[in-house]
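The structure under discussion appears below in the form of C-alpha cells.
Every number here is computed from the coordinates shown, using simple stated rules; none is lab data. Since the model is a prediction, treat every value here as computed from it, not as a measurement. Every residue, glycine among them, receives a Cβ derived from its backbone with ideal geometry; neighbour counts consider all protein chains shown.
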Amino acid sequence: MDTQSPVVSRLRSAFRSGVTVPEQFRRTQLSKLLSLVKDNEQLILDALHKDLAKPKFEAILSEVDMVINELHHAIDNLRSWMRPDYVSKSMAVKLDTCFVRRQPLGVVLIIGAWNYPLQLILSPLIGAIAAGNCAVIKPSEVSAATERLLAELVPKYLSQDCYAVVCGGAEDTKALLENRFDHIFYTGSQVVARSILQAAAVHLTPVTLELGGKCPCFIYGRVNTMAAARRLVWAKFFNAGQSCVAPDYVLCSKATRDTLLPALRETLESFYGKEPQTCPDMGRIMSDRHWTRLMKLLERSRGKVVLGGESQQEDKYIAPTVVVDVEEGDALMEEELFGPILPILTVESLEEGIDFINRKEKPLALYVFSEESSVVNTVLEKTSSGGFCSNDGIVYMTLPGLPFGGVGASGWGHYHGRWGFETFSHQRACMLRGWALERINVLRYPPYREDNLSWLRWTTSAKKTAWSSCALM
Ligand code: NAD
C-alpha cells in the first residue's frame, strides 16, 4: 500500500516540479532558515527553557549557535558541494567524461528527539535543503514548547510547498511513516529505531539512525586531575546529563579515582554551588517518566553515592551525582543513563579498560583522558566508536568538518557539514560517452578471442604499471 497524506502529496508535487534543484533556491531557503533562527532567538530560548529549564548559555552554545554555524558553513560551501567529482579513468575510458553527480533524493522525513529539540531537527534539515530535497519534519512531542514554535515559524520562513512540520507523538509518527519517503533521518532511542526500520522496510526506504548508548570516559596514566574534573563535569552535567554524547560512565584505576573524587567535589561546588537545585545553570530532567526511571536505577544500584544524590520529583530535579564501587553488572550499567548520574568503575590496566569498552556495544562517543599520547593512540587504535575525543567531552561534535554519527548499535550514517549534504544526496555514477573508437569496442564483442581478452585486461587495468605489464608486449 502506498499511502500519501495530503502533506506528503503536496511536497512530492513540488519536488517533481524541480523547484528545489537550482542552487539559488537552496541558498535562499538556507538564508531564510538563518533568519528564522536569528529573528526568533529569544522565543527559541524561552521555549527551550520551558521544555528543559535549559540555561541560556547552554541553549545558545548547543542549539542556536550550532544551527547558525552549520547554516553559514552550508551557505559558504554549497557551490563546491554541488560540483561533480571527476574520477580517475582507465585506458579503456580515457575519452569519456566520468564523474559523480549529487542529486536530491526526493521527499525526506526528519524525526527528532527532545533533548536538543531545535538542533536535532534543524541541523539535518540544513543537509536536506542543501541537497535539494523537500522535507517533512517531525519534532519530538515531549519538548512541546519547541515543537509548537517550530510548527509556527517554519511555514512563515520556508517554502510551504517544499517543507512541512508534522506534530504529534508515537501514533502520529506511525501514521506518517506509512507514507513513502525517499529517506528517513531518525534521532532517538534504539528501541524506537527498530519500529522505524520496520516501517522503512515496507517501502525499502534508506534510513539514517542517530541513536545513543553508553559513552565511556577512560582516564588512564598521567592526567591533570583538576582540568580533567572540570572538563568531565561540564560534559557530563551539561543539559542535566541528557546528551547522547555525554560521558555515561568513567573507567579508571582505584588510585586515579581516589585523586579524582576531591577534584570532582571541588568542581561541582564551584560550578553549581552548595545547592545545585537553586543554581540557574543546572537543567532539569525532561519528564516525570525519565525522573522516575533514573531514580529507580539509582535505588537498584549497589554502588555508593559519594557526591550528590539529592532529588525532588515535583521539580524534576536530580543533583549532579557521582557513584563509586559500581560493578559491570550494576543497574547503572544496564542502559544509557541520560541523566546527571556518573558511575565510576575501576580497571587496573590499559588492556583491561580497552577490553571493557570492546565487550560493550560500540558507543556514539569515546573519551580518553591522559597526558600520555601513547595511551590516547592505543585506545584510538584498539577500539571503535562513532566519534572520539581525547581530554574533553562533547566538543568534537560542534565542528561541521567532522562527521557526526554512530557505528553499530549507536547509529548508522552521518551528518553535520558536508556529511549531511551527502546523506541527503544520491551519488549518481555518470559516464558520458561519444561514438568514437568503435574499433576498440570491437575487442569486447563476440566471437570472444583470447588475444582480445588480453588487450581488454590491459586497457581496463587499474594498475599504474599497466603499460609495462601488458601481456602482449
Ligand atoms: P524516542 O525514540 O522516544 O523519540 C524520538 C522521536 O521518535 C520522537 O519524535 C517521537 O515522537 C518518535 N517516536 C516515539 N515513539 C515512536 C514510535 N513507537 N514510532 C514512531 N515514532 C516514535 O527518543 P527520545 O527519548 O526522544 O530521545 C532519547 C534517545 O535519543 C537517547 O537514546 C539519546 O541518546 C538519543 N539521541 C541521539 C542523538 C544523536 O544524535 N545520536 C541525539 C539526541 C538523542
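Helical content alone sets the calculated 222 nm signal of the chain at -13000 deg cm²/dmol, taking -39,500 (n - 2.57) per DSSP H segment of four or more residues and averaging over every residue.
For residue 77 and residue 452, FRET efficiency with R0 = 56 Å and r from the beta-carbon atoms, rounded to 0.05? Walk me through the numbers before you get to the answer.
Details: r = 46 Å, r/R0 = 0.83.
After rounding, the FRET efficiency stands at 0.75.
Cross-link check: pairs 32/174; 316/360; 274/296; 50/214; 362/382 evaluated at a Cα-Cα cut-off of 21 Å; pairs beyond the cut-off: 32/174; 316/360; 274/296; 50/214. Label point of residue 432 set 7 angstrom out along Cα-Cβ; within the stretch 54-84, amide nitrogens under 15 Å from it belong to 83-84. The mean sequence separation of alpha-carbon pairs under 8 Å and at least six residues apart, normalised by the residue count of the stretch 216-400, gives a relative contact order of 31 percent.
Take the alpha carbon gyration tensor of the stretch 216-400, find the square roots of its eigenvalues, order them as a ≥ b ≥ c, and report rounded if a/c is under 1.5; if not, report prolate when a/b exceeds b/c, else oblate. Write down the numbers at each step before the final one.
Details: a/c = 1.55, a/b = 1.47, b/c = 1.05.
Cα axes put the stretch 216-400 in the prolate bin.
Projecting label points 7 angstrom from Cα along Cα→Cβ for residue 377 and residue 348 puts them 2.8 nm apart.
I want to make sure I understand the PRE zone here: with the label point 7 angstrom from the Cα of residue 57 toward its beta carbon, which residues in the stretch 218-245 have backbone N atoms less than 18 Å away? Hits in the stretch 218-245 for residue 57 at 18 Å: 227-243.
Using the Kirkwood radius over Cα pairs, work out the Stokes-Einstein diffusion coefficient for the stretch 376-446 at 20 °C and 1.002 mPa s, in µm²/s as a whole number.
Answer, rounded: 132 µm²/s.
Compute the convex hull volume of the Cα atoms of the chain, divide it by the residue count, and report the result per residue in Å³ as a whole number. Walk me through the numbers on the way to the answer.
Values: hull volume 87.9 nm³, N = 473.
Taking the convex hull of the Cα positions in the chain, it is 186 Å³ per residue.
Relative contact order (percent) for the chain, with alpha-carbon contacts under 8 angstrom and 6 or more residues of separation? Walk me through the numbers before you get to the answer.
Values: 914 pairs, mean separation 87.3, N = 473.
Relative contact order comes out at 18 percent.
Counting Cα-Cα pairs of the stretch 1-113 in 5 Å increments starting at 0 gives whole-percent bin shares of 2, 9, 12, 14, 15, 13, 13, 10, 5, 3, 2, 1, 1.
Taking label points 7 Å from Cα along the Cα-to-Cβ direction, residue 461 and residue 141 give a separation of 6.4 nm.
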